[in-house]
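Quick notes on the structure that follows.
The values are calculated or read from the model by the stated rules, or taken from the named source; none is laboratory data. No experiment lies behind these values; they were computed from the predicted model shown. Cβ atoms come from the backbone with ideal geometry, glycine included; neighbour counts cover every protein chain shown.
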Amino acid sequence: MNAWDIFIRQFIEKEGYTLVLQGLGTTLIIAVAGLAIGLIIGSILAIVKIIPGKNPFLLVLQRFADVYVALFRGTPMVVQLLVVHFVLFPSLGIHILSEIEGTIAFGLNSAAYVCEIMRGGILSIDKGQTEAGRSLGLSYSTTMIKIVIPQAIKNVIPTMGNEFISLVKETSVLSFIAVVDVTKAFQTMANSSYEYVVPYLMLAVVYLVIVLIATFVIRILERRLRASDKR
Amino acid sequence: MTNDNSNEVLQEASNSEGMIKIQNLKKSFGKANVLKGITTTIKKGEKVVIIGPSGSGKSTILRCTNLLEEPTSGEIWLDGKLINEVDPYNHDDILKISSTFKKLTAEGYSEELALAEIKNNILIKSDFKEGREFVKAKKEFKKANSININEARARMGMVFQHFNLFNNLTVIQNMILAPVQLKRKTKEEAIADAEKLLDRIGLLDKRDVYPSTLSGGQKQRIAIVRSLCMNPEIMLFDEPTSALDPEMVGEVLDLIQELANEGMTMIIVTHEMGFAKKIGTRVMFVDQGLVAESGTPEELFGNPKNARLKDFLSKVLY
Ligand SMILES: Nc1ncnc2c1ncn2[C@@H]1O[C@H](COP(=O)(O)OP(=O)(O)OP(=O)(O)O)[C@@H](O)[C@H]1O
Ligand SMILES: [Mg+2]
């Protein structure tokens with residue numbers, strides 16, 4: 001039997017596909033949920049960092065946001081995953097599914113990147129937009145919510161897309177905390193048949209396809225948003 | 001340095017002859033002293049034109065007037081209400097409560113001398129050193145005389161050199177955002193008013209387009225009527241035609257002239273000397289952060305006295 005036949009037999013007859021589909025689902029769910037958490041926490045951090053003012057409570061929050069971003073961008077994802085799984089949750093005495101721990105770790109990590117992306121997006125909006133809003137008597141928050149942030153979001157959509165793509169790829173380290181993602185699924189197949197070539201090439205193709213689909217969706221979204229200015 | 005005491009200031013400011021009263025306005029950016037003490041009163045219906053060389057501080061005066069820039073010192077009054085921080089230097093009553101004043105008078109200074117010493121030698125560096133009563137006096141003054149800055153801004157329209165229409169909103173949305181958000185009008189009223197204004201400037205067909213599709217002249221005229229949607233009492237124009245192609249300057253100036261004819265109070269910064277002459281009831285020549293000369297257009301353009309104004313006019317009038 002050649003390598004391909006071995007793979008097919010394992011994939012179909014030995015029901016390897018159920019494992020792969022499950023793994024694929026885990027990968028996608030953790031990536032999407034991670035990004036969602038990242039978007040929420042990251043946007044909050046970005047706004048905290050941007051609000052002007054000398055309120056001491058605000059200054060403390062801003063300091064915290066700086067440290068947060070430095071910490072999560074300054075250490076490898078795998079290390080963060082290990083710390084969340086082996087240090088954070090055990091020390092809090094919390095026992096939850098590794099999948100949930102993984103989602104939280106990726107969400108926290110992604111928040112640091114989203115924060116910087118959002119901050120850059122907000123800062124890239126011409127100061128004249130804020131000034132026009134304020135000069136009409138709108139408050140700082142109304143000006144941000146109605147004028148600056150919508151424009152910033154539109155500008156950062158491609159970068160957020162890239163963030164999602166790197167998040168999908170980074171989830172391949174989930175097996176470090178015994179989560180069966182798509183990488184682990186193919187690895188399991190390879191290990192049980194001692195046939196590595198096809199499973200790992202297939203794994204690469206699977207990631208590539210996810211990334212291509214994501215790229216396509218982002219491009220459509222971008223085009224649709226751009227069209228909306230030019231009616 | 002003005003020597004009004006607080007009562008005088010209060011009376012003058014609140015008799016509402018002066019719609020806007022700028023009191024010893026100073027502004028520095030870092031070490032650069034951009035405005036060095038501007039004092040002027042703009043009465044209802046006046047059209048004050050500010051001219052002067054580039055970098056002299058014209059925009060900064062306008063931007064301090066609606067607090068887009070925080071004045072370093074000095075006061076801005078709108079219709080008898082203070083809109084920025086209290087500046088004790090403009091209020092002898094407040095200065096007299098300071099511990100510095102008490103110390104000086106105890107040392108044998110007369111009241112006038114002590115006040116002069118405080119004002120001229122800038123003894124006040126930080127508030128808390130001046131004692132609690134001083135801070136309290138400032139707070140009380142502010143409480144009695146101030147209005148909220150957003151409230152004040154809503155009553156002052158501002159038109160920018162670069163239009164600053166909201167890029168994410170259509171023309172009509174640009175116009176109704178502030179009146180609806182600030183509950184000045186219902187959405188229906190705001191839309192009806194905005195459509196009337198658009199019709200007036202002949203741009204009703206642009207109601208639902210985004211700003212990126214408009215010409216500069218159209219953008220600026222819409223920016224002007226967007227301000228009008230808040231029914232402002234005064235309009236501030238910062239070089240409204242400087243970013244326009246020459247063929248579009250006329251349409252914007254015509255609209256400003258129309259508003260002027262309807263009695264709108266205005267402060268206009270412009271490099272269009274012909275327009276300044278025509279529209280201004282008063283012209284102020286600002287040079288190096290000070291009003292170097294001020295008067296009617298006839299006086300300033302016909303018979304300039306200040307040497308730098310003469311020089312400036314010889315350059316801009318060819
Ligand atoms: N935000 C700022 N930070 C630092 N310096 C500033 C700032 N705004 C203005 N300045 C400086 O203050 C000075 C006066 O600026 P301003 O814009 O008021 O001049 P202007 O008279 O309006 O000039 P122009 O005719 O070129 O518009 C300039 O030297 C400028 O560089
Ligand atoms: Mg200027």
Original post:
Checking B:N303 against (1) in contact with a Leu (Cβ under 9 Å, 6 or more places away or on another chain); (2) at pLDDT below 95, which single condition isn't satisfied?
Top reply: (1)
Original post:
What are the residues in the range B:127-177 that are within 14 Å of chain A (Cβ to nearest Cβ) and charged (D, E, K, R), if any?
Top reply: B:E151, B:R153, B:R155
Original post:
Can you name the number of the only condition in (1) within 14 Å of chain A (Cβ to nearest Cβ); (2) away from ligand 2 (no atom under 16 Å from the Cβ); (3) in contact with a Lys or Arg (Cβ under 7 Å, 6 or more places away or on another chain) that B:E69 fails?
Top reply: (2)
Original post:
What is the number of the single condition among (1) in contact (Cβ under 8 Å) with a residue 40 or more places away in the chain; (2) away from ligand 1 (no atom under 16 Å from the Cβ) that B:E262 does not meet?
Top reply: (1)
Original post:
Before we move on, is A:A190 buried (at least 21 other Cβ atoms within 10 Å of the Cβ), at pLDDT below 95 and part of a helix (DSSP H, G or I)?
Top reply: no
Original post:
Right, B:G263: away from ligand 2 (no atom under 16 Å from the Cβ), of a type in the set (G, A, S) and over 27 Å from B:R184 (Cβ atoms) or not?
Top reply: no
Original post:
Somewhere in the range B:222-239, is a residue within 16 Å of ligand 2 (Cβ to nearest atom), in contact with a Gly (Cβ under 8 Å, 6 or more places away or on another chain) and modelled with pLDDT of 95 or more?
Top reply: yes
Original post:
Does A:I177 fit the bill of being of a type outside the set (S, T, N, Q), touching a His at 6+ places or on another chain (Cβ under 8 Å) and surrounded by 15 or more Cβ atoms within 10 Å (Cβ to Cβ)?
Top reply: yes
**OP:** Scan the helices (runs of 4 or more DSSP H) fully inside the range A:72-157 and keep the ones with 3 or more residues being surrounded by fewer than 22 Cβ atoms within 10 Å (Cβ to Cβ) and within 9 Å of chain B (Cβ to nearest Cβ).
**Re:** A:127-135
**OP:** Only residues that are closer than 13 Å to B:M264 by Cβ, more than 10 Å from chain A (Cβ to nearest Cβ) and more than 16 Å from ligand 1 (Cβ to nearest atom): list them for the range B:202-244, please.
**Re:** B:I224, B:V225, B:L228, B:N231, B:E233, B:I234, B:M235
Subject >> Segments classed as strands (runs of 3 or more DSSP E), wholly inside the range B:17-62, with at least 3 members that are buried (at least 20 other Cβ atoms within 10 Å of the Cβ) and more than 16 Å from ligand 2 (Cβ to nearest atom) >> reply: B:18-29
